[in-house]
1. Out of the residues in segment 1-16 that are of a type in the set (A, V, I, L, M) and open to solvent by less than 100 Å² (accessible area, probe 1.4 Å), which is farthest from the chain's Cα centre (by Cα)?
2. Identify the residue in segment 50-67 that is part of a strand (DSSP E or B) and modelled with pLDDT under 95 and, among all such residues, is least open to solvent (accessible area, probe 1.4 Å).
3. So which residues in segment 22-49 are open to solvent by less than 40 Å² (accessible area, probe 1.4 Å), assigned to a helix (DSSP H, G or I) and not charged (D, E, K, R), if there are any at all?
4. Restricted to segment 68-83, and to residues that are at pLDDT 90 or above and open to solvent by 80 Å² or more (accessible area, probe 1.4 Å), which residue is farthest from Leu38 (Cα to Cα)?
5. Could we say that Leu19 is open to solvent by less than 90 Å² (accessible area, probe 1.4 Å), touching a Lys or Arg at 6+ places or on another chain (Cβ under 6 Å), free of Cβ contacts under 8 Å to residues at least 60 places away in the same chain and assigned to a strand (DSSP E or B) here?
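The values are calculated or read from the model by the stated rules, or taken from the named source; none is laboratory data. Because the structure is predicted, anything quoted here is derived from the model rather than measured. Positions of Cβ are generated from backbone atoms using ideal geometry, with glycine treated the same way; all protein chains shown enter the neighbour counts. Quick note on the areas: whole protein, heavy atoms, side chains included, nothing else; ligands and nucleic acids left out. Shrake-Rupley method; radii C 1.70, N 1.55, O 1.52, S 1.80 Å.
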Amino acid sequence: MRDSGELLIEIPLSDASILEITILDPSADWIEPRVRGLCSSLDEIHRRAQRILRGGFSIGWIELESERHGIIDYWEDGVNNEYPVAIVWNGNSWEEATTT
């Protein structure tokens, strides 16, 4: 739990880094299924983002704002640049939000 009252989940990765997922409402009943869904959806979202960003970016953090909306914040390696990617729950998994 952060000082702000948000829930912080830290997931150790194989490259010894830590993936931080922040949940704005720590009392929400949807946390476990949505985090599990995020873990299973993240590879596809990340592959798509890397194609768009042409590599050179890493996930800085993830924030789940609600049970249906979130942000994956990508950081450019070695530079102070960020690229936020909005994600939405489609009923089965997380995916990049489409803009119209």
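1. Ala16
2. Kept after step one, since they are part of a strand (DSSP E or B), are these residues of segment 50-67: 57-64.
From what's left, modelled with pLDDT under 95: 57-61.
Details: Phe57: 34, Ser58: 51, Ile59: 44, Gly60: 13, Trp61: 79 Å².
Of everything passing the filter in segment 50-67, Gly60 is least open to solvent (accessible area, probe 1.4 Å).
3. Scanning segment 22-49 gives Ile31, Val35, Gly37, Leu38, Ser41, Leu42, Ile45, Ala49.
4. Per the stated criteria, the residue is Glu82.
5. no
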